[in-house]
Amino acid sequence: MVAPASNCRPIPVRLGVFAILGLMLSACSGPVFEREETRPCPPVRMEATTVDLTRFRPGPGRDLTDVVLEAELTGYQGECQYDDDEQSVRVDLVLAFSASLGPAATERQQAFEYYVAIPRFYPDPRGKQVFESTIVFPENTNRVRYVGEELSIEVPLGADGAAAEVPVYIGFQLTPEQIEYNRAHATGSR
């Protein structure tokens, strides 16, 4: 005996219902239910007097022939992620530098220090962290650009739970003499 045609139709309908349910359930795991962060990241500022580094060879000379290294903090890219449980925000930065060997350089590898500071927390150790980096100049190359110095810092949040009022400053860790040199030569005004 041949089954009536009406008995064969519910199978495709049931498969169609399951397909629609599957699509609906898969939508629940997508961005429909994810909360997109709307709070701003802390503002990151490059301190004008510390974005340039001029290192001279030891001694009193301070002209062009005495320069060992000139470097500039040229920019950064970053993002942040809030941690409401810890009441903090993690700031991830990728810094960019350019550097030139001067006539007084005797080595192709040059180390320098840079800082990340959060003045709100000074003099607490959270107020300033100093990092060291090294640039190696290839043979026959006296100027390089370097992008990729990665760092992460935790910024404690205030009572309001926002980071927009907690600026983060970055720059070279300079000696008082280097800062005075920058001020006298109007560096960092870009």
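Bear in mind these aren't lab numbers, they're just calculated from the coordinates by the rules spelled out. Predicted model only: the values in this text are computed from it and were never measured. Positions of Cβ are backbone-derived with ideal geometry, glycine not excepted, and every protein chain shown enters the neighbour counts.
Among the GluC sites (Glu not before Pro) found in segment 75-176, those both in a DSSP coil and sparsely packed, with 14 or fewer other Cβ atoms within 10 Å of their Cβ, are Glu86, Glu107, Glu139, Glu165. Once both labels are positioned 7 Å from their Cα atoms along Cα-to-Cβ, the gap between Thr65 and Arg183 label points is 3.0 nm. For a test of the definition: using alpha carbon positions, the gyration tensor, and the 1.5 limit on a/c, classify segment 104-152 as rounded, prolate or oblate. Here segment 104-152 falls in the prolate category.
Can you give the FRET efficiency to the nearest 0.05 for Glu165 and Glu47, using r as the Cβ-Cβ distance and R₀ = 22 Å? It comes to 0.75.
Where in segment 136-162 is the amide nitrogen less than 17 Å from a point lying 7 Å along the Cα-to-Cβ axis of Gln129? In segment 136-162, the label zone of Gln129 (backbone N under 17 Å from the point 7 Å along Cα→Cβ) covers 148-157. For segment 71-122, applying the loop criterion from DSSP together with a ceiling of 16 other beta carbons within 10 Å to the trypsin sites (Lys or Arg not before Pro) yields Arg108. Taking the centroid of alpha carbons for each part, segment 119-190 and segment 60-82 are 9 Å apart.
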